[in-house]
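Before I ask anything, here is the structure I am working with.
None of the figures in this text is laboratory data; all of them are computed from the coordinates on show. Predicted, not measured: the structure shown is a model, and the values here were computed from it. Heads up, the Cβs are rebuilt from the backbone with ideal geometry, glycines too, and the neighbour counts pull from every protein chain shown.
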Amino acid sequence: MKKEKTMNNKKRFSLSAIKEKWAKKMAEEKTIYARRKEERPRIKADLKDYRRKEITLFKDYLKNLSSLWKEEFAALHTGLKENGGFRAIFKKTLWSKMHEISSSFHKKRISKSDAYKHEKYLNYRAKKLYKDDLVAEGLLGRITIPEALHGIIFILPWFVGFCLLTIYPIITTFIYSVSDVAITVNGVKTTFVGFKNYIYAFSTDTAFQTALQNYVIKIVLYVPVITVISLFLALLLNSKVKGTGFFRTIFFLPVIITSGPVIKIFIDQGVASFPGIDKLINFTELATVLPAFLVTALQYLTSEFIMILWFCGIQILVFMTGLQKIDKSVYEAASIDGASSWESFWKVTLPAINPVIVINVVFTVVMQSIFSLNPMIELIQEDMKGTGDGKGYGYASAIAWVYFLVLIVVLVVFVLLFKKHSRKPKEA
Amino acid sequence: MEKTKKNNIFSRLFHKKEVVGLPPKKKLTWKERFSKENFNRYTIKCFLLGTNEKRGFLTTLLIYAILILFGFVYIYPMLYMLGYSLMSESDLVNPAVNYLPTSWYFENYKESAEVLDYWKNLGNTVLVSLVPAIFETIAASLTGYGLARYEFKGKKIVIGLIVFTFIVPSCLTMFPQLSLFVKLHLVNNVWSYYVPALLGQGINSAVFILIFYQFFREIPKSIVEAAKIDGAGAFKVFLKIGVPTAKSAFLLSLVLGTVWYYNETVLASLYFGDAITTLPLQLQNFESAYNAIFGSSGGVTGKTANEAIYMAGTMLTILPLILMFLLIQREFVTSLDKAGVTGE
């Protein structure tokens, strides 16, 4: 007995026995692997089948969308709001169907890793389904769009408009300006004439020259006056007095009603300035002392004083928002250091609102240049209508180009002038 | 129990606020006020010229004086207009009557309403001011949102181009646009306003785009990401998060767009020709229109338009805008406050 036992033990722990055991195990595993190898194509086929099923399911779902909607409404009406609305029901139904499929897979005893793959795949599909909204789903089909393209799609209408209604017209205007333009039944015909129109404008057309001069004088005069007055009023309104809202409304009211014809009637009726202000200054006497352009500048100022004030509305409000954003602790620090309010205005307020000043200057220049009572715009409109030398669309577009260039020059000069005073390092 | 007590209307009315910090200043009686302690050279000086903490009475007075002066100058034309529009012819001739009419005379308004063809033209004006403003707002908000929310190549160039479109005067692009619109059969109807507005090229659209850009940039990214995880698409995020945060920008854009479209005459006369007449356009040729109705024709001597009728016409033209502004004035001004137009 003992011998047998020892033999058995020997057998058990002998190398050969272990080898045998391992061999058996290996064989078993091999058979498992072989079975899996056999199964693999079948699983793949199943997966494919599953995908097909899923896609058909989705298509069916889309087909039955309307009925689902009805169901959802019915559910809503019967007080099933607790389900969380259509979206939740949609999710639930789809998820339950998917779960059915996946559980059927699990019943088929696929290996764990494959089941995991299924689940992953399911998750992936579900995410893809819900990734885009129903609206986008309806609009764009089932194409998923990368993030950056979303932004481009958002600005696409603007870009189309920009190309069609800004860049194309600007170039076409330039082409018109260097050619004779004739309007025929078939459309616009242009023949190249070189820079004839430009030369004519600067050599012989006095109306254009005076209009341009007046425009420049007006802008150079108006912009600083408007900026200073609006800054002044904004400072007053910002100084914690009662009734600020009332005054603000009054100062903004003109913006609402400023249009070419209305202002023109005001100027014609002499309401654009206070009565009698012309009599205060004797312009004929002044003309003997001062240069001509200064006198015309003064005349502009006095004759349209209220109108200049009327153009301040938006600027005042922009300045006010700018002033409110300044940190009050800076003022406190300045006053502790012994700065008077006058000094703190120059050393704290002005540098802090410098970007706002630049914005306002640009805004004022552009709004003044767009305004329909502007001498240049009136001239361009007039010149469009006629034919011959110094008239017609070709000539008008040449003037418009000159006007645009002058406007840009004025703008750049103003921006540089007002930017100079900033002592603050540039904000990041 | 305490909560119910606090929510009681009466307790809320009579509930005194607890003041933390300095105790409230004792109210002085008149006797105390004029006693030697409180009424001497120094206190008077402090009252008039102010101390470090408090502004002086004189400066407050000065501020009010300047504000009232400027306020009067601002409304002066409107008051003048209102006064003159109610004057009869005898009032106008009478040198003793200035600014205020002797009696209410509404004939001017009747006549000028007839000349302006008021109700029809008002409808036209609304059609070419409010509707394009709505379109402009939609286009501007979409563009601003696209610029603020997403990163893509050439974004800065796009912003530069938007500023450029603001600078370009309309007279530079007017004629080619007109010929383009003629080709597309958009002239002489409202679509010549609607199409540029929808494509973000309406009147001063660039301003609105920049305002929207400013607003949408302040939306924290975590909120957007949370919405995305909840399954919201790009457009839904815009509708559910973007639009509510930029409410005041929408109001601003809508009102200013309406106003600017309303007051536009150059483009209107070019695009609409005789097909659509707006109120400002009719005001522009008020005299000829007046003569056509009331003027002398075929031996019958008629009237000529006097100052009062012009004023009444102007008043009628700007009346809808003023009414609109006064109705939404408070919301509008607060929205202007919120629109932080700084930087850039």
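HN-Hα J couplings of the range A:226-243 from phi, Karplus 6.51/-1.76/1.60, θ = phi - 60°, integer Hz, Gly and Pro as x?
So the J values, rounded to whole Hz, are 4, 4, 5, 5, 5, 5, 4, 5, 5, 5, 4, 5, 7, 8, 6, 10, 6, x.
Let me ask another. Give the peptides B:158-166, B:89-97 in descending order of average Cβ contacts within 10 Å, highest first.
Values: B:158-166: 17.1, B:89-97: 12.4.
Listed from highest to lowest mean packing, they are B:158-166, B:89-97.
Using the Karplus equation 6.51 cos²θ - 1.76 cosθ + 1.60 (θ = phi - 60°), what ³J(HN,Hα) coupling, rounded to whole Hz, does each residue of the range A:46-56 give in order, writing x for Gly and Pro?
Running phi through 6.51 cos²θ - 1.76 cosθ + 1.60 with θ = phi - 60° gives 4, 4, 4, 4, 4, 4, 4, 4, 5, 5, 4 Hz.
Describe numerically, in nm with one decimal, the distance between label points set 7 Å from Cα along Cα→Cβ at B:ASN94 and at B:LYS183.
6.4
Calculated FRET efficiency, A:THR249 and A:ILE167, Cβ-Cβ r, R0 25 Å, to nearest 0.05?
0.05
Taking the Cα of B:ALA275, stepping 7 Å toward and past its beta carbon, and measuring to each backbone N in the range B:177-221: which are under 14 Å?
Residues B:178-196 fall inside that zone.
To the nearest Å, what is the center-to-center distance of the range B:210-280 and the range A:161-228, using C-alpha atoms only?
Distance between centres, Cα-based: 32 Å.
Output the direction-averaged projected area (hull surface divided by four) of the convex hull of the alpha-carbon atoms of chain B, in nm².
The number I arrive at for chain B is 32.7 nm².
How high is the FRET efficiency between B:GLU114 and B:LEU327 when r is their beta carbon distance and R₀ equals 30 Å, given to the nearest 0.05?
Numbers: r = 27 Å, r/R0 = 0.89.
In this case the efficiency is close to 0.65.
5 Å is the cut-off here: which amide hydrogens, built 1.01 Å from N in the peptide plane, fall below it relative to B:GLY50, excluding neighbours closer than 5 in sequence?
B:GLY56, B:PHE57
Which entries of A:LYS325/B:LYS45; A:LYS59/B:LYS240; A:LYS325/A:LYS347; A:LYS325/B:LYS27 show an alpha-carbon separation above 26 angstrom in the structure shown?
In this structure, A:LYS325/B:LYS45; A:LYS59/B:LYS240; A:LYS325/B:LYS27 exceed 26 Å between Cα atoms.
What residues of the range B:313-335 lie in the reach of a label at B:PHE294, counting those whose backbone N is under 20 Å from a point 7 Å from the Cα along Cα→Cβ?
B:313-319
Right, another one. Can you sort B:PHE70, A:PHE58, B:PHE106 by how many other beta carbons sit within 10 Å, fewest first? Mind dumping the intermediate values first?
Working: B:PHE70 19, A:PHE58 15, B:PHE106 11.
Lowest to highest Cβ neighbour count: B:PHE106, A:PHE58, B:PHE70.
Amide H of A:LEU290 versus every other amide H placed in the peptide plane: which residues, excluding those fewer than 5 positions away on the same chain, fall under 5 Å?
Excluding prolines and chain starts, which carry no amide H, there are no hits.
How large is the dipole of the range B:200-326 about the Cα centre if only Lys and Arg carry +1 and Asp and Glu carry -1, each at its Cβ, rounded to the nearest 20 debye?
Its charge dipole is roughly 520 debye.
Can you give the FRET efficiency to the nearest 0.05 for A:TYR198 and A:VAL413, using r as the Cβ-Cβ distance and R₀ = 25 Å?
0.70
OK, next. Please check which bits of the range A:202-228 a label hung off A:LEU405 would reach, taking the label as a point 7 Å along Cα-to-C-beta and the cut-off as backbone N under 19 Å.
So the set is A:202-217.
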